[in-house]
Amino acid sequence: MRMRFSDPEHQAARVAGIVLALAAAYSVLSFGGVDEVFFAGTQITIALLGLVLFWKFGLPSLSLTTKCILGIISVFPLVQMLPMPSALLRTLSPQRVRLAESLKVLDLVPNELISLTIYQHGTTSAFLRLVCYLLVFLIAIRIYNLGEGYSTLAKLLIGLGIFEASYGIVQYLTGWQYIFFYQKKTHELLATGTYINRNHYAGLLEMTLPFLLAGILFETRSGASNRLSSWRRIIVSPHLSRGLRNGVFFVLIFIGLIFSLSRGGITAALAGVLVTVAIAAFQGKRSVTGILLTILTIAVLYTTWIGVGPVYERFRVLGNQNFLEQDRLPIWRDTLALISDFPITGTGLGSYEWASLHYQSQMLGLRYAHAHNDYLEIAGDVGIPLAALFWGSLLVLFVNLVRSVGRLPHARDNILATGCAGAMVSIFVHSLTDFNLQIPANALIFAWIAGTAVALIQQRLPKASSVEVSVPIKQHSVKLDLD
């Protein structure tokens, strides 16, 4: 059971949550944080927040397994940057030594001490971002345990989702292709919000939808008799205004997502929505199907009225046999070749843009900044073992989170857990065709979601505690002797 918190602790958690939310919002509004100069402010803020919060309240309590995983993930990039003798490096990564030797002919390698990463600056920058995400993960656990659970994360995502979707809809319908005072050079005439790339704009919106939908589905039975029908319960519920408001917001954000024309984003969002619905249905929410169909119907009808032709054309291209050969497949094939040469240690965290140049076989007029697949890019950067540990840990976290729904002490915790689960699935699916976890703003928010998921699992009640049992007790007269 969650404990009652003293006012100073709760106030500290609330302030910390607000600071974290402001830092996340700033990174979203500054082009998704893709510019190191802009994101540096967020990193400094997060570092100071973590320092103050952990100094005053200590680090959150974590299992030994979680500590080991976080330790390995945080230390490995440092090992990649550590200069080591070529004899040792030949054992760890023979291909890295061969690359160094080929450069040595040109006098580009002055001594025998070589690091695993092929791009020191890129790995350093990526490591600093990783530290920021890990701090957000730990801060999220701590502020939840101090009493600031549902409101900050959910309100931040919903608020950002409404703003970004509204911004994107205006861009799409009016042709006003500006991000504040910056004129867009790519993805013109599309909804991108304050992001440069429509797929990353879609990545934010797809993480928002499950939180709104969970709030709608899990509150349909509040304040009304179970003898009423599902729809009548909604109508007479004191939460009607909240449900209608969330429904309007859901439609707005879904329309904004549609106008991004991001096939991966739309597919990932639907996957997250379906998982959210499945969890709610498993918890006995009878009105799930009707509510979902109504919301999606309104969104689709409005989108169709505005003009859904471009969206249809984007998905119709998927049926073209040459689509993958002209789009993602060459990049994935070249990335697999890179991984086969650096399977254990990778080429260095954040080094993909430069490492991939040696393996690029098509579209030679362009440079692969990313692999358009988070699974492959992370494996190329840090090797298969660490990538498997990272994704496997997230999968275990997701499974445990889903199992926690219905066994949490408060209704809002169950709503939050369902929203987090749906958002995680959306990123899992979208990562198959894009690189949202390489975008600082989206990675930061995902770290917040993951940290909140860990905190929720820690609050899970035993199965026996979640069953209400009535036991008749006979009255007895008890004589009390009071001295």
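We did not get these values from a lab; they are worked out from the coordinates using the rules stated. A quick note: this is a predicted structure, and the numbers were derived from the prediction, not measured. Reconstructed Cβ throughout: ideal geometry from the backbone, glycine too, with neighbour counts over all protein chains shown.
In whole Hz, with x marking every Gly and Pro, tabulate ³J(HN,Hα) for the range 124-129 from phi via Karplus 6.51 cos²θ - 1.76 cosθ + 1.60, θ = phi - 60°.
Whole-Hz 3J(HN,Hα) from phi for the range 124-129: 4, 5, 5, 5, 5, 5.
If the chain between PHE57 and LEU394 were fully stretched, how many nm would it gain, using 0.36 nm times the residue separation less the Cα-Cα distance?
The PHE57-LEU394 span can extend by a further 118.7 nm.
Using 20 Å as the cut-off for backbone N distance, which residues of the range 350-386 belong to the label zone defined by a point 7 Å from the Cα of LEU70 along Cα→Cβ?
Under 20 Å, as judged by backbone N against the label point of LEU70, lie 386 of the range 350-386.
Check which residues have an amide H placed less than 5 Å from ILE179's amide H, if you skip close sequence neighbours.
LYS184
Can you put PHE254, PHE57, PHE428 in order of Cβ neighbours within 10 angstrom, beginning with the fewest?
PHE57, PHE428, PHE254
Hey, can you grab everything whose amide H is under 5 Å from the amide H of SER260? Only 5+ residues off in sequence or another chain; H modelled, so Pro and N-termini drop out.
ALA191
If you rank SER115, SER361, SER93, SER74 by fewest surrounding Cβ atoms within 10 Å, what's the result?
Ascending Cβ contact count within 10 Å gives the list SER361, SER74, SER115, SER93.
May I ask you to sort PHE38, PHE342 by Cβ crowding, counting other Cβ atoms within 10 Å and putting the fewest first?
PHE38, PHE342
Compare the Cα positions of GLN43, ALA25, LEU53 along the charge dipole of the range 1-73 (+1 at Cβ of Lys, Arg; -1 at Cβ of Asp, Glu; about the Cα centre) and return the one farthest towards the positive end.
Looking along the dipole axis, the top candidate is LEU53.
Starting from the 7 Å offset along Cα-to-Cβ, what nm value, one decimal, do you get for the label separation of ALA369 and PHE181?
In this crude label model, ALA369 to PHE181 measures out at 2.2 nm.
What is the set of long-range amide H partners of MET84 at a cut-off below 5 Å, with H atoms built 1.01 Å from backbone N?
ILE114, SER115
Under 17 Å from a point 7 Å along the Cα-to-Cβ line of GLU9: which residues of the range 51-65 have their amide N that close?
53-62
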